[in-house]
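Presented below is the structure to which this report refers.
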Amino acid sequence: MLISQLIEQDARETPDCIKQQLIENESVAAELGERLRELSPKFILMVGRGSSDHAGVFGKYLIEIEMSTPVVAAAPSVKTVYSCELNLAGSAVILISQSGKASDILSQAEMAKKQGALCIALVNDEASPLVQLADVILPLKSGQEQALVATKSYLATLSALLQLVAHWKNDSELISDVNKLPTMLANTASESAQLKPSTFKAVKSLVVMGRGFGYALAREVALKLKQVCVIQAEAYSSEEFLHGSEALIADGLHIISLDLKDESKKSHDQQVCEFKLRGANVSHMTPTSRYIPNRIAPLTLLLRFYIDIALIAAAKECDLVPEVELSKAS
């Protein structure tokens, strides 16, 4: 089976995986939420590499918006290369890893334990060394990914973060929204493609652009375009792109705009409209026209992208096995 077919297969399995994940992790998430309310952490340290790091950016927006708790991204080399210990007193550390075996992620877990931080692991391999180090485990339950690139596990990480924050906030409406996620994902998987393979057949470079949660997704979308379609793709916040990088538009830049319908919509749409007026070629991805709660909508957009990218890879004849070590190590 071709890589593009395996990616699509993995993506279409995601709604059922997340349905089971949310059911099996409900009690753990509820207990962890209570523990976080009691701790009231001064900040969250988010740890991950590759796609797991991109999931952490989604987690940063989610936690800061819903909980008003600062989230900082770990720089693992501070410990592994420079041998420095961070003062993590009064904090919680969220470690995201599919394999649970990456040495720099394990080093961060060891440091967190030594410093007395609450150590939370979102991990797919429940027999991994990371499970032994963490105080609390939220298993991803995504199973094996046949294509060897993170699709199911990435979306399962986002759903785990959503479930964690919903219970931390003890917000019945948000908990209800999260529980709707499998149905919303299944609906999205049955819809028409949003990115046309013919548009990207000759494209060698592009920018992926979003705002807020859309920017968090843009980082993952850009990585997958590089990894699967051999397109040089860079992620930007639509606001940040205005600060110097807009000069690229003069060359007829191609942009994929991730158009969420949440609080960021107005400013993002204005900026993308300006880029179009300057000559950018823009392809749009958006959640469906049906009502989807704002916090789970990004996951539906990303699932649609994973299915669409399989079609783009086939059209570009990029069905050789990609470099898989990045995803395996994350």
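Structural remarks
- Ordering of 2-11, 213-222 by packing is 213-222, 2-11, highest average first (other Cβ atoms within 10 Å, averaged per residue).
- Only the Cβ atoms of Lys and Arg (+1) and of Asp and Glu (-1) were treated as charged; on that basis the dipole of the chain about its Cα centre amounts to roughly 360 debye.
- Furthest towards positive pole of dipole, MET285, GLN270, LEU242, structure part the stretch 193-320, Cβ charges: MET285
- Distance between the stretch 202-252 and the stretch 152-189 - C-alpha centres, whole angstrom: 26
- Remark: spin-label model distance GLN146-THR288 equals 2.4 nm, labels positioned 7 Å along the Cα→Cβ axis.
- The stretch 163-202: trypsin sites (Lys or Arg not before Pro) in DSSP loop, at most 15 other beta carbons within 10 Å: LYS180, LYS201
- FRET efficiency for the pair ARG278 and VAL78, taken as 1/(1 + (r/R0)^6) with r the Cβ-Cβ distance and R0 = 51 Å, rounds to 0.80.
Taken together, the values in this text are just the output of simple stated rules run on the coordinates, not laboratory data. Keep in mind that what you see is a predicted model, and the values were worked out from it rather than measured. Cβ atoms come from the backbone with ideal geometry, glycine included; neighbour counts cover every protein chain shown.
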